[in-house]
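J.: Sending over a structure as structure tokens; questions will come in a sec.
The values are calculated or read from the model by the stated rules, or taken from the named source; none is laboratory data. Remember, it's a predicted structure, so these values are computed and weren't measured experimentally. Note: ideal-geometry Cβ built from the backbone for every residue, glycine included; neighbour counts use all protein chains shown.
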């Protein structure tokens, strides 16, 4: 591997991957704050309510927001790396390629996850539908950002 550039992936540098993951994380954090934290926060009050692991707002070792941001960045870093690996397999160009990738990731991650949540947890059906739709919008936006920022 060349110091700054992945040989196999052309002009895509490690710094570009890190920057793309950071931008995607910031946008995801803003999206989540506006939707789940403010506009649609009523979804969490529908009976039966979701039993959160750390309902007090603090996780061991730090705040929920900091932990969520760091965890989100790590997951977005993986998402960008998978996009880079699958780059030539995804049709379209630019943001459309990224949106297609985001939609595909939604089909294999969020959709089965929400199905399993509804099957195995005592949660409101409206919550499951909301989270599936929010996950789709989130991944389409993040995918579009990734597709726009990562080019060979």
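J.: Only one residue in 123, 128 is surrounded by 14 or more Cβ atoms within 10 Å (Cβ to Cβ), more than 18 Å from the chain's Cα centre (by Cα) and modelled with pLDDT under 95. Which one?
T.: Values: 128 fails: more than 18 Å from the chain's Cα centre (by Cα).
From the options 123, 128, the qualifying one is 123.
J.: Filter region 1-36 for residues that are loosely packed, with under 13 Cβ neighbours inside 10 Å and either modelled with pLDDT under 80 or in a loop (DSSP other than H, G, I, E, B) (or both) and give the result.
T.: Within region 1-36, 1, 2, 3, 4, 7, 8, 10, 11 qualify.
J.: Is it the case that region 107-120 has a residue that's in a helix (DSSP H, G or I), modelled with pLDDT of 95 or more and closer than 21 Å to residue 15 by Cβ?
T.: The answer is no, given that none of the residues of region 107-120 is in a helix (DSSP H, G or I), modelled with pLDDT of 95 or more and closer than 21 Å to residue 15 by Cβ.
J.: While we're looking at this one, here's another question. Of all residues being touching a helix residue (DSSP H, G or I) at 6+ places or on another chain (Cβ under 6 Å) and either modelled with pLDDT of 95 or more or not in a helix (DSSP H, G or I) (or both) in region 59-83, which is farthest from residue 99 (Cα to Cα)? Just the residue, please.
T.: 59
J.: Also, quick follow-up: One residue is enough: does region 84-94 have a residue meeting the conditions in a helix (DSSP H, G or I), within 22 Å of residue 148 (Cβ to Cβ), modelled with pLDDT of 90 or more and under 14 Å from the mean Cα position of the chain (by Cα)? It would help to see each step written out before you state the result.
T.: Applying the first criterion (in a helix (DSSP H, G or I)) to region 84-94 yields 84-89, 94.
Next, only the ones that are within 22 Å of residue 148 (Cβ to Cβ) stay: 84-89, 94.
If we keep only those that are modelled with pLDDT of 90 or more as well, we get 84-89, 94.
Remaining after also requiring under 14 Å from the mean Cα position of the chain (by Cα): none.
Among the residues of region 84-94, not one is in a helix (DSSP H, G or I), within 22 Å of residue 148 (Cβ to Cβ), modelled with pLDDT of 90 or more and under 14 Å from the mean Cα position of the chain (by Cα), which makes the answer no.
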